[in-house]
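Here's the structure, in structure tokens; my notes come after.
Rule-based calculations on the coordinates, nothing more; no lab input. What you see is a predicted model; the values in this text were computed from it and never measured. Note that each Cβ is placed from the backbone with ideal geometry, even for glycine, and that neighbours are counted across all protein chains shown.
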Amino acid sequence: MALLKRPNGTEDILPAASREWQALEQLLRTTADTYGFSEIRIPTFEQTELFCRGVGETTDVVQKEMYTVTARESTFTLRPEGTAGTIRAMLQNGLLNEALPQRVYYILSCFRHERPQAGRLREFHQFGVEMAGSPHPAADAEVIGLARQILERVGVHNVELHINSIGCPDCRKRYHEALRSYFMPHREELCETCQERLDKNPMRLLDCKSPVCGEIGKDAPVILDYLCEECSAHFEKLKALLTEQGIAFTVDPRIVRGLDYYTRTVFEFVTTDIGAQGTVCGGGRYDGLIAQLGGAPTPALGFGMGLERLLLTLHKQGTVLSEPKGCDIYIVPMGEAAADKAMLLTAQLRQEGICAQTDVMGRSLRAQMKYADKIGARYTMVLGDNELAQGEAVLKQMQSGEKLTVALDDKFVSRFSDIEIADRLAGAAAAL
RNA sequence: GUGGGUAUAGCGUAGCUGGUUAACGCGUCAGUUUGUGGCACUGAAGACCGUCGGUUCGAAUCCGACUAUCCACCCCA
């Protein structure tokens, strides 16, 4: 019988790695908390139309990357991103009628049917935040500040912030026209995809890697020159606020973003350390989305952070978020009576929150000691007929090899707890 | 969806000008005289060499298809 394998583009997060995920998630939650964001949890699948309307009918994500499933005559789509569902949930539950701005964050997995490559999976995990209600650039600065703070606390390096403004729909319309009239005379010289882009999404032309297109596009008009007064002022203020906060950024007029809902501010945190898919975090403002989804016009913005990409970057840089959790005490029983006692003791220890283990393999003393060492047990305690008869046993501190005798009375658990805490404190003190 | 690379034990690799029992390191398990781990030593388990088909007396080794995986394009986190 052939072994069944996991679907293409998915990943197993094994016990060792999941420690690190937990550490990362913990850090994301606490940092989001300090910025006043609360967690929201939404369904994994939504009505397909939500993404068509929210993400945009013409986007690649909607056109060719969605996992749409039909079951019992109902059709749904696995979320390809978090924003549409989150805004839907906020609208459906009236969150936008509460005090504004509303600040929510989420940690969830997204699904896109793409060809997997470095930093790109078909199921991937995203941390994201959405802030709804504020049109002010201060909101932009705050959201960007949160992303920056997270990246700093996680400890990644070489991640640069790129920002741009793609204006409001009015600015964009004028800009598209300008682009088209600039590129039209060169239409035949452009690469195939760019000829398509010219009709579909002319802003993408500027991002083409083909040297020919790059050369042609060298003197193309820049969106920033086509912003209306309000959009321009918004962008200027944002830049000033970022500078004031000491957040370094570069203005990159080529940032476009592939999701239709973005307006004005768009930004990316990018690294070159993990290959071609270097956008660790991407987001921006989407002032039109809420109305698009049937709510009262409400300005909003947010970002999504690719957790696999973040961890990938971290690992490339030699950083690991957490050490594997060990075992506080491993009890080594010898003989049946001792094994029974060991079971009892481990159960009591666990009740006090102490990680305790004992033999479930019927191994020899020597083999058990080896095992205790492998799982990183801090203490071991051999339990045999002698110990049971004398009512005391020897506790061994594995790292130092130090031994001390403890009574096996009903105070044993609290006594061990004291020893263990003292040991941790001493370790922490030594580390300082 | 397009292009290129790769596919040998749990992991990392060697073998690949075709020729008897597919090798090594790590890991796993057991043991090194009977009550104490890390080191060292001994031994064991574990691979129908991705799948299917072809060439051949004979294929892990050559050819083809498929699948998976990696990298890149596209696009995005």
#### Entry: Base-10 log of normalised Debye intensity for the stretch A:76-156 (one unit scatterer per alpha-carbon) at q = 0.12, 0.15, 0.24, 0.26 Å⁻¹
-0.46, -0.70, -1.18, -1.23
### Query
If you rank A:403, A:316 by fewest surrounding Cβ atoms within 10 Å, what's the result?
A:403, A:316
### Query
Could you work out the helix-only [θ] at 222 nm for chain A, with each DSSP H run of four or more residues adding -39,500 (n - 2.57) and the total divided by the number of residues, to the nearest 500 deg cm²/dmol?
-12000 deg cm²/dmol
### Message
Using +1 at the C-beta of Lys and Arg and -1 at the C-beta of Asp and Glu, which of A:322, A:165, A:190 has the Cα lying farthest in the positive direction of the dipole of chain A?
### Response
A:190
### Task
Give the Cα extents of chain A along the principal axes, in whole Å, largest first.
96, 58, 45
### Task
Please report, in debye to the nearest 20, how large the charge dipole of the stretch A:327-423 is about its Cα centre when each Lys and Arg carries +1 at its beta carbon and each Asp and Glu carries -1 there.
380 debye
### Task
Write out the GluC sites (Glu not before Pro) in the stretch A:286-375 meeting two conditions: DSSP loop, and at most 14 other Cβ atoms within 10 Å of their Cβ.
A:352
### Distance in nm between pseudo-label sites at residue A:49 and residue A:192 (7 Å out along the Cβ direction from Cα)
3.7 nm
### Query
For the stretch A:327-423, what ratio Rg/Rh do Cα atoms give with a Kirkwood hydrodynamic radius?
0.91
### Message
Tell me which of A:275, A:38, A:382 sits at the most positive position along the dipole axis of chain A, charges placed on C-beta atoms (Lys, Arg +1; Asp, Glu -1).
### Response
A:275
#### Entry: DSSP-assigned coil residues among trypsin sites (Lys or Arg not before Pro) in the stretch A:1-58, each with at most 15 further Cβ atoms within 10 Å
A:5, A:41
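Taking the beta-carbon count within 10 Å as an exposure proxy, list A:58, A:358 from fewest neighbours to most.
Ranking A:58, A:358 by Cβ neighbours within 10 Å, fewest first, gives A:58, A:358.
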### Task
Starting from the Cα gyration tensor of the stretch A:1-120, take the square roots of the eigenvalues, sort them a ≥ b ≥ c, and report rounded, prolate or oblate (rounded when a/c is under 1.5, otherwise prolate if a/b is larger than b/c, else oblate).
oblate
### Task
Search the structure for amide H atoms under 5 Å from the amide H of residue A:298, placed 1.01 Å from N in the peptide plane, and list their residues when 5 or more places away or on another chain.
A:290, A:291
### Query
Relative to the Cα centre, what is the charge dipole magnitude of chain A, using +1 at the beta carbon of each Lys and Arg, -1 at the beta carbon of each Asp and Glu, and rounding to the nearest 20 debye?
560 debye
## Note on the structure
Per the 1/(1 + (r/R0)^6) rule, R0 = 56 Å and r from the Cβ atoms of residue A:230 and residue A:385, FRET efficiency to 0.05 is 0.10
### Summary
The extension gain from residue A:67 to residue A:422, computed as 0.36 nm times the residue separation minus the Cα-Cα distance, is 122.5 nm
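Tell me, what is the percent relative contact order of the stretch A:327-423, built from C-alpha pairs under 8 Å that lie six or more residues apart?
RCO, the stretch A:327-423: 30 percent.
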### Task
Choose one answer from A:88, A:350, A:115: the residue with the largest mean-square fluctuation in a GNM of chain A with alpha-carbon springs under 10 Å.
A:350
